[in-house]
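Structure record follows, encoded as structure tokens.
The values are calculated or read from the model by the stated rules, or taken from the named source; none is laboratory data. Source: prediction; values computed, not measured. Don't worry about glycine lacking a Cβ; one is built from the backbone with ideal geometry, like all the others, and counts go over all protein chains shown. Accessible surface is based on the protein model in full, side chains and every heavy atom, while ligands, DNA and RNA are left aside. Shrake-Rupley method; radii C 1.70, N 1.55, O 1.52, S 1.80 Å.
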Amino acid sequence: MAAPGSKSEQQIGVAHFSAIFLTPSDFAKAAARAGFSRIGLRLNPAFPGAPYYELPVGGHAADELKAVLRGEALEVFDIEFFVIAPSFNASSLEPVMAAAANIGAKRLSVCGDDPEQSRLQSNFSEFCGLASGYGLAVDIENMGWRTVRTFADSVNLLKSSGAPNAGALVDGVHFFRNGGTLTSLRAEIDRVKHVQLCDVAGPAPGTAEAMIAEARGKRLAPGEGELPLGDLVAIADGAASVSVEVPLSGSADAEEHLKRLFEGAVRIFKPDQ
């Protein structure tokens with residue numbers, strides 16, 4: 001096992017949602033101390049009232065973060081979170097894209113929640129096109145309570161859009177809880193650009209409300225539940241970047257939480273160490 005605070009030879013990232021109350025700079029510092037090499041940041045709200053941070057180009061917060069990233073030898077991988085709902089307006093999000101590019105981010109994470117498939121496809125394609133202009137790629141993540149519910153739904157959207165800078169984000173909980181299999185993953189691995197490790201135990205929730213509750217408050221660190229995460233990373237190895245997303249719950253210390261997530265992820269890659 002890698003010692004807490006040491007960098008793993010495997011490039012492992014961590015999502016901001018894992019300690020969302022930390023500012024981007026503080027989160028970057030804590031993630032680096034835990035051993036992570038990459039971070040994701042929440043620069044757009046995932047749902048009304050959800051926490052997020054703004055890093056306008058040229059602002060103090062963005063410049064501070066870039067200094068922290070240089071000092072910690074850390075990079076920003078993805079920016080969350082964009083919900084393509086019926087009222088979605090891709091062009092209104094260009095300031096966030098500019099902010100993402102300014103701090104060196106590589107990808108943007110989205111979900112699809114519009115039952116009108118033609119409009120969903122059009123908005124997704126437009127978003128991908130705008131992101132391309134900022135040097136960014138886009139990943140679609142399936143969620144059980146959204147229109148793009150399954151991994152197969154994600155793949156279908158990617159195929160229909162034809163966007164060259166689009167890929168799939170496979171989150172352990174969302175993937176396996178909504179019908180994803182290792183066989184289906186293997187068949188479409190070329191479309192998968194980002195894998196998020198998280199674990200869960202017990203029967204799958206049966207309602208949208210229960211799915212949301214599990215995803216936002218009942219995830220476990222990698223290896224602490226029942227999901228075949230070792231098989232997942234074995235298939236994705238070399239094809240997709242890997243990060244961890246497990247929201248901090250209760251009064252646990254953020255740095256200890258991030259260290260536990262890092263150690264769990266390392267054990268998934270090297271179960272005998």
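If a residue must be closer than 14 Å to ALA215 by Cβ, out of contact with any helix residue (DSSP H, G or I) (no Cβ under 8 Å at 6 or more places or on another chain) and open to solvent by 20 Å² or more (accessible area, probe 1.4 Å), how many such residues does the stretch 128-179 contain?
The total comes to 3.
State which residue is surrounded by the most Cβ atoms within 10 Å (Cβ to Cβ) when the search covers only the stretch 216-262 and only residues that are of a type in the set (D, E, K, R) and in contact with a Pro (Cβ under 7 Å, 6 or more places away or on another chain).
Among residues in the stretch 216-262 that are of a type in the set (D, E, K, R) and in contact with a Pro (Cβ under 7 Å, 6 or more places away or on another chain), the one surrounded by the most Cβ atoms within 10 Å (Cβ to Cβ) is ARG219.
Across the stretch 79-100, what is the number of residues that are under 17 Å from the mean Cα position of the chain (by Cα) and of a type in the set (A, V, I, L, M, F, W, C)?
Residues that pass the stated criteria total 8.
Tally up the residues in the stretch 126-151 that are under 17 Å from LYS193 (Cβ atoms), assigned to a helix (DSSP H, G or I) and not aromatic (Phe, Trp, Tyr), please.
Counting residues in the stretch 126-151 that are under 17 Å from LYS193 (Cβ atoms), assigned to a helix (DSSP H, G or I) and not aromatic (Phe, Trp, Tyr) gives 3.
Residues of the stretch 34-63 being open to solvent by less than 70 Å² (accessible area, probe 1.4 Å) and small (Gly, Ala, Ser), which ones?
Within the stretch 34-63, ALA34, GLY35, SER37, GLY40, ALA46, ALA50, GLY58, GLY59, ALA61, ALA62 qualify.
Mind listing whichever residues of the stretch 65-78 are touching a Ser or Thr at 6+ places or on another chain (Cβ under 7 Å) and of a type in the set (A, V, I, L, M, F, W, C)?
Result: LEU65, VAL68, LEU74, PHE77.
For the stretch 53-101, what are the residues that are in contact with an Asp or Glu (Cβ under 8 Å, 6 or more places away or on another chain) and under 19 Å from ILE39 (Cα atoms)?
ALA61, LEU69, ASP78, ALA99
Looking at SER109 and the list (1) touching a strand residue (DSSP E or B) at 6+ places or on another chain (Cβ under 6 Å); (2) open to solvent by 60 Å² or more (accessible area, probe 1.4 Å); (3) polar (S, T, N, Q), which single condition is not satisfied?
For SER109, the exception is condition (2).
Residues being among the hydrophobic types (A, V, I, L, M, F, W, C) and surrounded by fewer than 15 Cβ atoms within 10 Å (Cβ to Cβ): count how many of those fall in the stretch 64-84.
Going through the stretch 64-84 one residue at a time, the tally reaches 2.
For GLU94, work out the one condition from (1) crowded, with 19+ Cβ neighbours inside 10 Å; (2) farther than 21 Å from VAL148 by Cβ it doesn't fulfil.
Result: GLU94 passes all but (1).
Residue pairs, Cβ under 8 Å, 6 or more apart or interchain, first in the stretch 124-136 and more than 14 Å from SER92 (Cα to Cα), second of a type outside the set (A, V, I, L, M, F, W, C) and open to solvent by less than 50 Å² (accessible area, probe 1.4 Å). List them.
As it stands, the answer is SER125/SER161; SER132/ASN165; LEU136/ARG107; LEU136/ASN165, since those pairs meet every condition given.
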